Amino acid sequence: MITWLYKSAKAGVLIGTLFHAGWDITNSQIVPAFMPEMVRMFPNNEVIYAVFGVLAVLLMVLTRGRLS
């Protein structure tokens, strides 16, 4: 996702950096504050990683590897 943002946006590095920072803050600060039971259930975020893995594979299959 960050690579696609980098390639697509005119200010690619800035957009990629902002997206990455937003992801980090959401994952480490906002989710635990509003959903503490989620942190207890999945302390290592394995469900989040699994969902993004499946989405990445679907994206590759649906676009046939042409993500330019």
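The values are calculated or read from the model by the stated rules, or taken from the named source; none is laboratory data. None of the values given here were measured: they were computed from a predicted structure. Positions of Cβ are generated from backbone atoms using ideal geometry, with glycine treated the same way; all protein chains shown enter the neighbour counts. Note: accessible area is taken over every heavy atom of the protein model, side chains too, but ligands, DNA and RNA are not part of it. Shrake-Rupley method; radii C 1.70, N 1.55, O 1.52, S 1.80 Å.
Let me confirm something: among Ile15, Ile2, which residue is modelled with pLDDT of 80 or more, touching a helix residue (DSSP H, G or I) at 6+ places or on another chain (Cβ under 7 Å) and either of a type outside the set (Lys, Arg) or open to solvent by less than 80 Å² (accessible area, probe 1.4 Å) (or both)?
Values: Ile2 fails: modelled with pLDDT of 80 or more.
Going through Ile15, Ile2 in turn, the sole match is Ile15.
Could you grab the pairs with beta carbons closer than 9 Å, sequence gap of 6+ or different chains, first residue in the range 1-14 and charged (D, E, K, R), second one surrounded by 13 or more Cβ atoms within 10 Å (Cβ to Cβ) and modelled with pLDDT under 75?
none
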